[in-house]
Structure formats: C-alpha cells, structure tokens
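One structure is given below, encoded as structure tokens.
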Amino acid sequence: MNNSFFNRKYVIQGIFIAIALVIIARLFYLQIIDDRYLLSANNNVMRKVIVYPARGVILDRNGQVLVQNEPVYDIMVTPREVKDIDTLLLCDLLGIDSTDFKTRMQKARAHSPYRASQFMKQVSSTTFAKFQEHLYKFRGFYYQNRTVRSYPDSIAAQFLGYIQEVNERDIKKSDGFYRPGDYIGASGVERAYEDLLRGKRGVKNQMVDALNRPKGSFMEGKYDTVAVTGDGLVSSLDKDLQILAERLMKNKLGSVVAIEPSTGEILSFVSSPSYNPNLMVGRELGNNYMKLLHDESKPMFIRPIQASYPPGSVFKVVAALTGQQAGVINEQTVFYCPGGYRYGGGRAIMRCTHVDGATSLVKSIKMSCNTYYGYVYAKMIDSRGLSGPKAYDLWKEALGKFGLGHRLGIDLPGEKPGLVPTSDFYTKRYGNGSWRSSYNISLSIGQGELGITPLQMANIMAIVANRGFYYRPHLIKGIGEKRIVKEEFTEKIFAGVDAKYYEPVIEGMSQAVNQGGTGAASRITGIEMCGKTGTVQNPHGENHAVFFAFAPRHNPKIAIAVFVENAGYGGTWAAPIASMMVEKYLKDTISLPKYIQDRVYNANLLPKPKKPKTPEVKKDSTQTKNKTTAPLKSAALAPKEERSVLVHHSQVRRNHE
C-alpha cells in the first residue's frame, strides 16, 4: 500500500516537473530565441522613425535656385499589425485598387511580417493630407517624411543630374551607409557631389498606442539623433544665360559651353536636345528614364563632355600657336595660296574654296586658309630633322598641353578624352615608320582622326583669352556656407605656348569677326569679340556648324564654343548663337537683327525620324538558301551614342564659311 502511494507520488511529481520544464523551455524560446513578440510589443510602444535629411540646395552663381526640395511621404506598414482595416477606404485615399493593395501587402510580408517596410513611396503632399486624416483607422500603417528634388526652371538637366533609389551595389559599396529605400545621386552634379549633398540621417524614437496614434517622444527625445541637411552648392552657371542658350538650341542637336577664362567657371552648359529634369522625380522615374533612354535624339547623352568631333577650322588656332612655339613659323611667315595645298608629289590637293594669294599668319586665321595650315603641318612633321613619327610625337605633345587627347577633369562623371592618335597608329596603318605629313595631312585643318569635345573647344578659347594658361573647367564654384572651392580648380595650368605668340592669332580672330572675315555676321556693336568659324565635314548628312570665341579682346569675361550638328555653315548657325549669348552676358541685351534671331529661334534642325522598314515578304524561301549575308556597315561598329557624330576622315575639303 505504502509502495503504491510512493509510486503515485513520484509519478505526479514527475508530471509537474515535466510540465515546468516545458513551460521554462517555451519561455526561453519565446523570450530569448524568438523575437516576434518582443518586436510586436516594442512596435506597440516605441517606434524608431528614420529622419531623412534634405539634400543640399543648388544655386546659380547669382544665388538663384536651380534645385530645391519639396516634401513627400513614404507610407510604411508592419504586416502583422494590420487588422480589421477598411481596405476600400485606404485604396481610395491613396489612389490604388484592391489588386494593387494585395500586391503591396504581399511584398511587405515577404520582406518581414514583423518589421516595417515601404507600402507606397513618394506620396505627394496633397494625397498625404487626405490620408493623414484617417490614419488612425489603419492599424499597422504609419508614415515617414521624405523630400524629393524640384527644378523650378526645368533647365540644365544633364548638368544637374538626378537621384534614384539605391541598389545592392550602392549599398555594398557604401560599407553600410545606405539602406534599402535610400536615394543616391545617379548622374551629373548629384552624382559628383553625392557625399556632400546627401547629409546625415537622424532617428526619432516615437511612442505610439495600440491604435497607431503618436503619443510623443520616448524619454522626451533623449535618445533621438538629429538629421543633418546636406551641404548646399553654388554652381558657376548663370541661370539667365543658361535659359537663353537652351532656348537657342531648341530643336537642334549639339552643345554650348561658355567659360569665364579668369577662373575656369562654366557659365553655360547645354547638351541639346535636353529633357525636363522634373521627369526624373517621383514614382514615374523608371518609366520616364526608359523613354528617354530609347529616344533617337539621345537626350541622356551629355554632348559637351561625351561627344567627340573633328574640330574643323577652329583647330587652326591651335596649329598657329604650336607652330610658332616650335619655331617653324612666325608672325611674318607668308605662304602663297593658289586655291589649295598640293601634297604627295603634287598628285593630290587639299582645296580651298577660293584663291587667297599671299597669306600671312593673321590673314590665314581671318580667311581660314587651308593651304596655309597644310604648309604649317608639313613643316612640323617634315622639317625638324626628325623622322615622321618622332616629329609627330612632339606635335601630339603640344596638343596635349592645350587639353586635347585627355580629360580636362571637370566635376562631372563620364567625361571623355577625345582623340589624338598616337604615331604608332599611323605606323601600323602604313606598315612602317617612314611616313610623312602627306600621309595624314587632313589633321592640319582639324579633320581626319582628330576628335575633341565641345568642352575642350571652349577651353581652347579660354587659353587664348588668357594668353597661354587655363584653370580646370568646373561647374561648382562654392561648397557649403563657407563657399569652399576645391583645390584642383585653383591650379593655373600652362598651355606650353609663350604669351607673345598669341597676339597675331588674336588679331586674326578679331578680324574674322570685325573686319569682314568668316564670322562677320556675328559682330557685336561696342564689343570686340574675337572668334573663329568652322564647318566640319559630315558624309552622313549636312555638315556640322562650329564657332568659338572670347570677348572682349582685352580683359576677357567669357569664352564660348557652339557646335550644332547637321546645321551647315558655322557662320550661319553657330556664330549667331554665340553672338547673342556673349552680348546677353556682357550687356544684358541682344542687338543682332531680329530676322537673324527669329531664324535661329524657330529653326528645326533635328534629323527627320527614320521610317520603319517594311519587312520583305519572301515568296519562296528556297530562293534565299544560297544567298550570302550582307556585310555590316562600319558605323555599326561604333558606340550607339557616338554614331551620329562620326565623320569620314578622307574628306579634307576646305572648312570655309
């Protein structure tokens, strides 16, 4: 009997001990291992809200706003807390349908049922105001304040760039600084100055009740951190000049770059066609980006720093300067122009459009004489006691000091170096190193394989305006409240040609504009502008129109390069654009005859849209069996963005307006 009692006693004790162990194990699991209830409890009491900083504002050189911020709101959701809500009301307030609601909730649950994630991003102030009135009805939902970029004047899209949501690569590269849902500069200044513009996130510990209603700050904000707004930037752009330039380049392909020679600050930076930067803001950013990306006119292509063109006649300015420095010509050097330059034993000719006769250095610039520069190049390559390749290397080195063939270092991502071929390129082409100037004489007038960017063109003018030096071109002249200037933009860079050699070239450029030369139509009353026209040969259509200049002649304030693709003569199209911009900047007025202004403003020089090819209907498939495949066109080998600017190198006719 006693044994039976003791046996039951131990059995009961064992049951209680087993139950206690199960309870302890369960508590251990719930409290130590499984954090679901802890997270839920914390979310019902305290919510950590990320406070996103506003990005730094970007101003023009005169303090006018180019980029500012406007408030938007991200709607956040913690799926596990969503219970008994009026989904139809929520959908109506946010402008979505029930299918969209389900999709968004499924995505949030996949992220985490217990952690908050984005339900809808970048909700406008108008939509949010209606939603906020009913927010207490939607348990599990709350909001975060955000800002997006706003562009009051819708200008300078390629310069300013845009921001986008970070991807995994951005997050990994940042060593954890960025988190999913953050934004980052994707192009332009937004990308180049991302570290300064982005600011620093803050955290707000907010108390909420079971109905998701805010009840104040936890511990009166003792553990909150304040968001720090990003540094503001003062750009070098003149907003009014930029607006004028974009208006002048409407319905045209090309570039305008204007520089202040004394500082290297870029006053105007136009890539045409452009786009409205406000298209790259908001929930439609992705769709708009794809439309722009597939636009035949390539509005996302930043022509001033990425398009490489043969410079044409404007290159003669560099040839005249480097030729003097090398000692092969001087101010008194005269060559006779019979209407063209003969080379290759007289068997070939590089023509001019008329006979210039006895031509001096000044006249060669004024009248844009091809013959003169054929002789200059021949002396550079053939008459220096060196082999062709070695003399060419010295010539190439001189061009490099003018910023050609390499990046200038502008504060924008994606700058291209242009092209000045190496001597090895020609040695391989011709099979040996015995080639001379006649083998690539087209280089003498800025044709052939030479390629320079519009930024490099404008920088050449800044060098001439400064009589021999330049500051690295840049778009941001001041950072933060102290208006800090980056050190690399204060370095004075010598172009390798002594100041005394610039005066005859400048005189020729002055005469080209003011004394009946090729740029006479761009003359400005009361301002001595020195300029050079160019017409770049283009076998794919109309020639490219070029003009670059600086003004005034003494104490220059602006250097400018205008490149209009497929427009024809530089004096007809590029020169008037430059003239109007220079006068606007220096005198705040435009005196060019109204009929010329109207012609430029109203011209549509865009290529006609290509008609889709009608597929050929094959009546009998057996007829095609033995046909060979047609070879690809050479243009197909070039990058897509640059196909429109390829120029055939064999054409060396005079670039004269």
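The values are calculated or read from the model by the stated rules, or taken from the named source; none is laboratory data. As the structure is a computational prediction, the values presented were derived from the model and not from experiment. A quick note on method: Cβ atoms are made from the backbone with ideal geometry, for glycine too, and the neighbour counts reach across all protein chains shown.
For residue 316, are the conditions met, namely being without any contact (Cβ under 8 Å) to a residue 60 or more places away in the chain, in a helix (DSSP H, G or I), basic (Lys, Arg) and assigned by TED's automatic domain parsing to the domain that holds residue 546?
Answer is no for this residue.
Which one is modelled with the lowest pLDDT, of the residues in region 349-372 that are closer than 22 Å to residue 514 by Cβ and among the hydroxyl-bearing types (Ser, Thr, Tyr)?
Step by step, filter region 349-372, then rank; the result is 353.
From 408, 394, which residue is part of a helix (DSSP H, G or I) and either out of contact with any Asp or Glu (no Cβ under 8 Å at 6 or more places or on another chain) or surrounded by 14 or more Cβ atoms within 10 Å (Cβ to Cβ) (or both)?
On inspection, the qualifying residue turns out to be 394.
Name every residue in region 544-569 that is at pLDDT 85 or above and outside any strand (DSSP E or B), in order of residue number.
The answer is 552, 553, 554, 555, 556, 557, 565, 566, 567.
Please go through region 133-176 and pick out each residue that is touching a helix residue (DSSP H, G or I) at 6+ places or on another chain (Cβ under 8 Å), closer than 30 Å to residue 89 by Cβ and buried (at least 17 other Cβ atoms within 10 Å of the Cβ).
Listed by number, the residues that qualify are 138, 139, 140, 141, 142, 143.
Against the conditions (1) more than 30 Å from residue 81 (Cα to Cα); (2) assigned to a strand (DSSP E or B), where does residue 203 fall short? Just the number, please.
(1)
Could you look through region 186-230, keep only residues that are over 21 Å from the mean Cα position of the chain (by Cα) and of a type in the set (Asp, Glu), and pick out the one that is modelled with the lowest pLDDT?
This residue is 209.
Looking at region 312-346, which of its residues are surrounded by fewer than 24 Cβ atoms within 10 Å (Cβ to Cβ) and among the small types (Gly, Ala, Ser)?
Listed by number, the residues that qualify are 326, 327, 339, 340, 344, 345, 346.
Which of the residues that make up region 373-389 are farther than 8 Å from residue 444 by Cα and either touching a residue at least 12 places away in the same chain (Cβ under 8 Å) or touching a strand residue (DSSP E or B) at 6+ places or on another chain (Cβ under 9 Å) (or both)?
As a first pass, look at region 373-389 and keep what is farther than 8 Å from residue 444 by Cα: 375, 378-389.
Result: 375, 378, 379, 380, 381, 382, 383, 384, 387, 388, 389.
Of all residues in region 45-79 being acidic (Asp, Glu) and crowded, with 16+ Cβ neighbours inside 10 Å, which is nearest to residue 143 (Cα to Cα)? Let's see the steps before the verdict.
Within region 45-79, the subset acidic (Asp, Glu) is 60, 70, 74.
Next cut, crowded, with 16+ Cβ neighbours inside 10 Å only: 60, 74.
On the way: 60: 34, 74: 6 Å.
Residue satisfying both the conditions and the ranking: 74.
From the list 305, 365, pick out the single residue that is of a type outside the set (Gly, Ala, Ser), over 15 Å from residue 509 (Cβ atoms), in contact with a strand residue (DSSP E or B) (Cβ under 9 Å, 6 or more places away or on another chain) and buried (at least 24 other Cβ atoms within 10 Å of the Cβ).
Numbers: 365 fails: over 15 Å from residue 509 (Cβ atoms).
None of the other options fit; the residue is 305.
In region 414-446, how many residues are closer than 25 Å to residue 473 by Cα and touching a helix residue (DSSP H, G or I) at 6+ places or on another chain (Cβ under 7 Å)?
6
Has region 308-317 got at least one residue that is closer than 30 Å to residue 449 by Cβ and in contact with a Cys (Cβ under 9 Å, 6 or more places away or on another chain)?
Yes, the conditions are met somewhere in region 308-317.
Among the listed residues 266, 259, 243, identify the single one that is in the same structural domain as residue 596 (by TED's automatic domain parsing), among the aliphatic types (A, V, I, L, M) and touching a His at 6+ places or on another chain (Cβ under 9 Å).
266
When only residues in region 87-112 that are farther than 23 Å from residue 126 by Cα and in contact with a strand residue (DSSP E or B) (Cβ under 6 Å, 6 or more places away or on another chain) count, which is modelled with the lowest pLDDT?
The qualifying residue modelled with the lowest pLDDT is 111.
Residues in region 327-342: is at least one within 39 Å of the chain's Cα centre (by Cα) and assigned by TED's automatic domain parsing to the domain that holds residue 446?
No: region 327-342 contains no residue that is within 39 Å of the chain's Cα centre (by Cα) and assigned by TED's automatic domain parsing to the domain that holds residue 446.
Assess whether residue 590 counts as being part of a loop (DSSP other than H, G, I, E, B), in the same structural domain as residue 311 (by TED's automatic domain parsing) and of a type in the set (A, V, I, L, M, F, W, C).
yes
Within region 351-373, can you find the residues that are in a helix (DSSP H, G or I), more than 26 Å from residue 454 (Cβ to Cβ) and not hydrophobic (A, V, I, L, M, F, W, C)?
Result: 363, 371.
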